[in-house]
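The values are calculated or read from the model by the stated rules, or taken from the named source; none is laboratory data. Since the model is a prediction, treat every value here as computed from it, not as a measurement. Cβ: placed from backbone, ideal geometry, glycine included. Neighbour counts: every protein chain shown.
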Amino acid sequence: MKCLIYDNGLSGHHLEYLYNIHQAVAADSRNEYIFAIPESFNEKKSMFPFGEYNNIKFHFFPDKEFSPFANALNVASIAKKTKADKVFMISLMSTMPFIAFLIPKGVKISGIIYMIYLYSWKEYRFFKKLSHILKYLIFSKISAFENIYILNDLQSAKILNRIYNCKKFRYLPDPVLPSITRKRTYSRGDYGLPENSKIFLHFGGISRRKGSLEILKAIESLPPSDLTDKTFVFAGIVGKDVRVEFYKRTSTILKAGVDIRIIDKFCDYDTLCGLCSTCDYILIPYFCVNQSSGCLSYGAYYKKPVIATNSGLLKRLLRRYRLGIRLKNPHWRDIAEILRSPSKINIDPKRSEAYINDNSVDKFTAKIIRGLTKCDKEQV
């Protein structure tokens, strides 16, 4: 069997997922794997020890923004050129619905879905609902689709199978960061952070949908006397959609004497591990609550409470594993209330370990490889 592993982005969790899968398929000498990824991989691959293996090849294409149609066309073209039997996509929805009609005949498709529409069904307008229904009908009815993995949401996978009368939707763990990234012990001094301050960390892409500006509004709303013992760290690339407002607000906050640190770049995993291990709280007041977040893994591993939106899939995961503080809404007023006097919450080590075990890298890769190489007998 020849399998194409495809991803058109390398930011955030993408590179991590590719590394996990790369390491797992290296042991499968009976099959051939082709990683089709952007050329910028050559600049980023040093973050993980990608080795060379006889059963793994790489196919590179130019880095650029793809529309769903262009992305699907790219997948189909590479699948045809490499004579792939199966295609696995790190982000399946980025090609929908076009991949269903462009993929070469006989090629089977699998991939990951992150955002689960079920949580926002009541808020969607008619045409948005129709769009989701059509895509999921295509998944369920067209034989080219083999395994559709729903990230970190077993319940939704079961519901989708029931709604669409199929067995294609499968639960997939959201893998905890690989052990290779956890290199050493860290101290606040490594990052110039004060020892006696409460550190609030917000990391990943800095954007509107992740509540980054709401955090700044919350800080602005509080008197400096409430913030003297607090430090705020923003680590990650500041998105174009918020860049002007973000720096305007941080400038105002800095002039007020508040301790705020900005690391406006793609942070390597060692940096993220260090910041998470030395902080007190992880801020994820997301508006996009219908999908999992890698921040939960960092919080669980380092036993740091997350301050997260109490809605959607995030609510379910926070409640099940008791990972932190649940915000009523991702609004600056609610964030400010917690920043003023954050709860002294002790993370339950047993629940954190349960999250880590349920979302281990081994379980993540085993599920994918099982689906690619043979019939997966599990229900979801």
>> If I ask for residues that are over 10 Å from residue 61 (Cβ atoms) and part of a loop (DSSP other than H, G, I, E, B), which ones from region 25-41 would you list?
In response: 26, 27, 28, 29, 30, 31, 40
> Which residues, counting only those in region 1-24, are without any contact (Cβ under 8 Å) to a residue 40 or more places away in the chain and assigned to a loop (DSSP other than H, G, I, E, B)?
Replying inline: 10
>> Restricting to region 153-165, count the residues that are surrounded by fewer than 17 Cβ atoms within 10 Å (Cβ to Cβ) and in contact with a helix residue (DSSP H, G or I) (Cβ under 9 Å, 6 or more places away or on another chain).
In response: 4
> In region 100-135, what count of residues is obtained for those that are closer than 18 Å to residue 79 by Cα, charged (D, E, K, R) and loosely packed, with under 14 Cβ neighbours inside 10 Å?
Replying inline: 1
> Among 366, 354, which is more than 27 Å from residue 239 (Cα to Cα) and outside the structural domain of residue 228 (by TED's automatic domain parsing)?
Replying inline: 366
>> For region 256-272: of the residues being of a type outside the set (Val, Ile, Thr), surrounded by 16 or more Cβ atoms within 10 Å (Cβ to Cβ) and at pLDDT 95 or above, which is farthest from residue 195 (Cα to Cα)?
In response: 261
>> Just checking, does region 169-187 include any residue being under 27 Å from residue 341 (Cα atoms), touching a residue at least 24 places away in the same chain (Cβ under 8 Å) and in the same structural domain as residue 335 (by TED's automatic domain parsing)?
In response: yes
> Can you tell me which of 142, 138, 150 is buried (at least 20 other Cβ atoms within 10 Å of the Cβ) and in the same structural domain as residue 14 (by TED's automatic domain parsing)?
Replying inline: 150
> Of all residues in region 45-68 being among the aromatic types (Phe, Trp, Tyr) and part of a loop (DSSP other than H, G, I, E, B), which is nearest to residue 14 (Cα to Cα)?
Replying inline: 48
> Restricting attention to region 229-263, which residues are in contact (Cβ under 8 Å) with a residue 24 or more places away in the chain, of a type in the set (A, V, I, L, M, F, W, C) and part of a helix (DSSP H, G or I)?
Replying inline: 246, 253
> Which number in (1) modelled with pLDDT under 95; (2) at positive phi marks the one condition that residue 106 misses?
Replying inline: (1)
> Where residues in region 69-99 are in contact with a Lys or Arg (Cβ under 9 Å, 6 or more places away or on another chain), free of Cβ contacts under 8 Å to residues at least 60 places away in the same chain and in a helix (DSSP H, G or I), which of them is surrounded by the fewest Cβ atoms within 10 Å (Cβ to Cβ)?
Replying inline: 70
>> Suppose the filter is surrounded by 15 or more Cβ atoms within 10 Å (Cβ to Cβ) and among the polar types (S, T, N, Q); does residue 251 pass it?
In response: no
> Looking at 135, 128, 210, 168, which one is at negative phi and out of contact with any helix residue (DSSP H, G or I) (no Cβ under 9 Å at 6 or more places or on another chain)?
Replying inline: 210
> Does region 217-240 hold any residues that are under 23 Å from residue 12 (Cα atoms) and surrounded by 14 or more Cβ atoms within 10 Å (Cβ to Cβ), and which are they?
Replying inline: 232, 233, 234, 235, 236, 237, 238, 239
> When both residues are 6+ apart or on different chains and their Cβ atoms are under 9 Å apart, which pairs have a first residue that lies in region 29-53 and is outside the structural domain of residue 272 (by TED's automatic domain parsing), and a second that is loosely packed, with under 12 Cβ neighbours inside 10 Å and charged (D, E, K, R)?
Replying inline: 38/64
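Every residue, every condition in (1) modelled with pLDDT of 95 or more; (2) over 22 Å from residue 185 (Cβ atoms), yes or no:
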residue	(1), (2)
224	no, yes
241	no, yes
274	no, no
277	no, no
284	yes, yes
297	no, no
